[in-house]
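Trainee: Questions regarding the structure given below will be posed in turn.
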Amino acid sequence: MILEGGPYGCYDEYIVAVEGYGSGFGGVTIDNNAIGETLTVTVTDPSTGNSCWGTISVEDKIPPTIECRDVVIMCGAQLPDVPAPAIVGYQEQIQTGLNDLLELNTLEYTFDYSYLPTTPALDVDVRIQIDDHTWLPDVKIEVEAPDGTTTDVFDITGCAGQEFPINCRFDDDGAVITQCVDLDGDENLRLMPLLFPGNSTPSLFNLNGLNASGTWTVRIADIAGGDDGHVREVGLYILVNLPQVDPADNCGEVDLTYTDTESGDPCEGLVVTRHWIATDESGNTAECDQNITVTPLVLDSIVCPPAYVGSCGDSSDPDNTGWPTVNGNEITDEDNVCNIFVGYWDKPLNDCGNGEKIVRTWTVLDWCTQTTLECVQVIKLSDDEAPELTCPEDFEVGTDFWYCYANVSVPKPDVFDVCGSAYTLSLTSSAGIVVNFGNNYVINQLPLGDHVVIWHVTDECGNHSSCSFTISVVDDVVPVANCDEHTIVSLTNDGPYGITLVPAHVFDDGSYDNCGPVEFRVRRMDSCIDFDWTTEGACIDDVPGGIPPVNSRDRGTVHRPCVPFACCDVGAGPIMVELEVTDLAGNRNYCMVEATVQDKISPFVECPPDIIVSCDFWFNVEEGTFVDADGNANGNLDEDPLSPIFGNMYDAFAYNDDESVRQDIIINDPGNEDYNQPLLGYRRMGR
């Protein structure tokens, strides 16, 4: 197509070069990317080197491909949106509402599958419903394919003498029949064909692989009289597998449009002719017509909504409880489907709580036949949910002032019932006594500890729920502290400086607690004790120590099992003592006591040993009672005229038992032959 003139040799021996697409012997392949371009082409004779060139304009003149498939749909179904939709699965055609007398007749029922393109039938099933027939051996059923191939479906010798209805779907993969009554089921019962003399035989496979397109015939014959019989329903199921075929173009995408025209009577079968146009990117077009046959609905295909069980508060509107359907499509009072119109009326019935019971009667009208169908739907919107309880948070209460338990007024829970039904509350507790006062609940005598309390609620329909929380009873009541108003403390000589320890319970005058025994500790409010005699305190130890050496534990101004008193308290007037009373829960209370310290112990005096002197030893003996010369009460008998000779008595307490105050007593009695002279002795100390 490039070279002109001639003659030329074999074209395949010339080298062809196309601009942008390379070169090769005999020619070069170009693709749709070159459409609309003008390309330079060079042809070279490799044997001589001679060449010539020219230009080509690339155009797409090939139209796209398109295939249309006729389809049959029930009115109300969605029209196909592609020219050759997939046809996959069983193609079902059922003739219902029949009342054809079978006796001595041969009845033929045709099924038009000519809308299918040529395609093999992968499986064939037959739907049959016959009743009022009393002699099955004279019934013959066969199926004829469009090419004339015929196969028997039913031909037996038994099941005679009484009515044995046939109501099933004959299927090679169905069940084996063992009794005549097995034939009576419904459209979902699948049975294997029965052939002479009455054996279950998969005979329909003879039709597999035949062309499914065309008119199929189901033939039912009765060859003997006197047994009546009526044909009620006949159908055919043909399994095909036709994938969707989309328009295509060799050079790119295809734009698809269509226009519709309608013809025929909607009550007979409306035909929508959809004219499809496929246009490629170069403007080439291809067209085809698709006939969509819309068959009218029949009342027998109407499925009424099933009973609806919901909860109170749910809507009883059919949008919620369901509309009648046909082929899965809802028929509403605002969107009636084709020739079918619906309406309903309700009869309400009483129910417990705020639930509802509704008997809904549906009326369905076939506008084409002017016939109606009624069905009843039961709607129950029950109060089947228990009220929701929200219990109070866990909380803590204290015991009664006089008793070791609590009387608790229990707060009520929050109650929500979705149906708004009346309800009854009750209360249980793991301890104590639950008492109901009108609309209030009290738990009496709730002992110490944690206790689980449960609120229960029951509504008018008997729905029950509960929630629980914990009440903790604690002893938060301080003990009752009773003290002696006045206490006399007499010092002892058990410790230094007259330290006397008085146990705390000495100051108690009947302290008590509502929940058990109490413990005591005591302290002084102020103190004159200024020496180190203990580390941790009275009645804990008597070992000097602590930081600083003299601290509140020595003075007795912190609570301890005992309180100390000393000689410095004698004559100091009432000393305020605080008694601490503690119960088992650690609650504390206090009371005050006035303590008066007295010294009731006589002094202890140890006289020096006897001294024997000679008659030559002179001393002035005076009778009388001798006291301190200065009246300082330090125990030194300063006025005793013999003290310089025989020694003096010192108060050991006043000198803190300091042995260094002792002095030697030296008596020089030369005339005393009983003792070596001079005689050495010691002054005595006493208390």
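The values are calculated or read from the model by the stated rules, or taken from the named source; none is laboratory data. All values derive from a computational prediction rather than experimental measurement. Every residue, glycine as well, gets a Cβ built from its backbone with ideal geometry; the counts of neighbours run over all protein chains shown. For the accessible areas, the whole protein counts, side chains as well, though only heavy atoms, and no ligand, DNA or RNA atoms are used. Shrake-Rupley method; radii C 1.70, N 1.55, O 1.52, S 1.80 Å.
Trainee: What ranking do 150-156, 279-285 get when scored by the average of other Cβ atoms within 10 Å per residue, highest first?
Mentor: Top of the packing list down: 150-156, 279-285.
Trainee: What chymotrypsin sites (Phe, Trp or Tyr not before Pro) in segment 368-470 are in a loop by DSSP, with at most 12 other Cβ atoms within 10 Å of the Cβ?
Mentor: Working: sites: Phe395, Phe401, Trp402, Tyr403, Tyr405, Phe416, Tyr423, Phe437, Tyr441, Trp455, Phe469; in loops: Phe401, Trp402, Tyr403.
Hits after loop and neighbour filter: Phe401, Trp402.
Trainee: May I ask you to compute the full-extension gain from Ser311 to Asn32, defined as 0.36 nm times their residue separation minus their alpha-carbon distance, rounded to one decimal in nm?
Mentor: Values: separation 279, 0.36 × 279 = 100.44 nm, distance 6.46 nm.
Computed gain between Ser311 and Asn32 is 94.0 nm.
Trainee: What percent does the relative contact order of segment 576-623 come to when contacts are Cα pairs within less than 8 Å and at least six residues apart? Provide the component values of the computation, followed by the final result.
Mentor: Values: 25 pairs, mean separation 12.6, N = 48.
It rounds to 26 percent for segment 576-623.
Trainee: With labels modelled as points extended 7 Å from the Cα through the Cβ direction, what inter-label distance (nm, one decimal) is found for Asn320 paired with Gln179?
Mentor: Using points 7 Å along Cα→Cβ, the separation is 4.7 nm.
Trainee: Mind running the shape call on the chain? Use the C-alpha gyration tensor, a ≥ b ≥ c as the square roots of the eigenvalues: rounded below 1.5 for a/c, prolate if a/b tops b/c, oblate otherwise.
Mentor: Details: a/c = 5.22, a/b = 2.66, b/c = 1.96.
Verdict is prolate for the chain.
Trainee: Tell me which trypsin sites (Lys or Arg not before Pro) from segment 101-191 have a DSSP coil assignment and no more than 11 other beta carbons within 10 Å of their own. Please report the intermediate quantities before stating the final value.
Mentor: Details: sites: Arg127, Lys140, Arg169, Arg190; in loops: none.
In loop regions of segment 101-191 (DSSP not H, G, I, E or B), there are no sparsely surrounded trypsin sites (Lys or Arg not before Pro).
Trainee: How big is the antiparallel share of DSSP beta bridges in the chain, given as a percent to the nearest 5? Mind showing how you got there, number by number?
Mentor: Details: 165 of 190 bridges.
Of those bridges, close to 85 percent are antiparallel.
Trainee: Here's another thing I want to ask about it. Order the following by accessible area, largest value first: Ser490, Ser430, Ser421. Probe radius 1.4 Å; ligands, DNA and RNA are ignored. Please report the intermediate quantities before stating the final value.
Mentor: On the way: Ser490 50, Ser430 80, Ser421 5 Å².
So the residues, ranked largest to smallest area, are Ser430, Ser490, Ser421.
Trainee: Could you work out the relative contact order of segment 173-237? I mean the mean sequence separation of Cα pairs under 8 Å and 6+ apart, divided by the number of residues, in percent.
Mentor: Numbers: 32 pairs, mean separation 14.0, N = 65.
Dividing the mean separation by the residue count of segment 173-237 yields 22 percent.
Trainee: Under 12 Å from a point 7 Å along the Cα-to-Cβ line of Asp260: which residues of segment 289-303 have their amide N that close?
Mentor: Those under the cut-off are 292-294.
Trainee: So how much slack lies between Asp346 and Trp402, counting 0.36 nm per residue of separation and subtracting their Cα-Cα distance, in nm?
Mentor: Values: separation 56, 0.36 × 56 = 20.16 nm, distance 6.70 nm.
Here the segment from Asp346 to Trp402 would lengthen by 13.5 nm.
Trainee: So what is the relative contact order of the chain, in percent, for Cα pairs below 8 Å that sit 6 or more residues apart? Could the numbers behind the result be given before it?
Mentor: Values: 1640 pairs, mean separation 56.3, N = 687.
Value for the chain: 8 percent.
Trainee: Let me ask another. Once you put a point 7 Å from the Cα of Tyr8 and another 7 Å from the Cα of Gln598, both along the Cβ direction, what distance in nm separates them?
Mentor: Calculated label separation equals 15.6 nm.
Trainee: What nm value, rounded to one decimal, do you get for the distance between Ile666 and Thr273 when each label is placed 7 Å out toward the C-beta?
Mentor: Each label point is offset 7 Å from its Cα along the Cβ direction, giving 16.7 nm.
Trainee: What length, rounded to one decimal in nm, is gained on full extension from Cys52 through to Val378, with 0.36 nm per residue of separation minus their alpha-carbon distance?
Mentor: On the way: separation 326, 0.36 × 326 = 117.36 nm, distance 9.07 nm.
Separation in residues times 0.36 nm, less the Cα-Cα distance, equals 108.3 nm.
Trainee: If you count only protein heavy atoms and use a 1.4 Å probe, how large is the accessible surface of Glu262, to the nearest 10 Å²?
Mentor: So the heavy atoms of Glu262 present about 140 Å² to solvent.
Trainee: Run the helix sum for the chain: -39,500 (n - 2.57) per DSSP H stretch of 4+ residues, divided by residue count, reported at 222 nm to the nearest 500 deg cm²/dmol.
Mentor: Computed mean residue ellipticity for the chain: 0 deg cm²/dmol.
Trainee: For the pair Leu39 and Thr363, what calculated FRET efficiency results from E = 1/(1 + (r/R0)^6), where r is the Cβ-Cβ distance and R0 = 56 Å, to the nearest 0.05? All intermediate terms of the calculation are to be shown ahead of the outcome.
Mentor: On the way: r = 74 Å, r/R0 = 1.32.
The formula returns an efficiency of 0.15 here.
Trainee: Ranked by accessible surface with a 1.4 Å probe, highest first, in what order do Leu107, Leu204 come?
Mentor: On the way: Leu107 30, Leu204 0 Å².
The residues order as Leu107, Leu204, largest area first.
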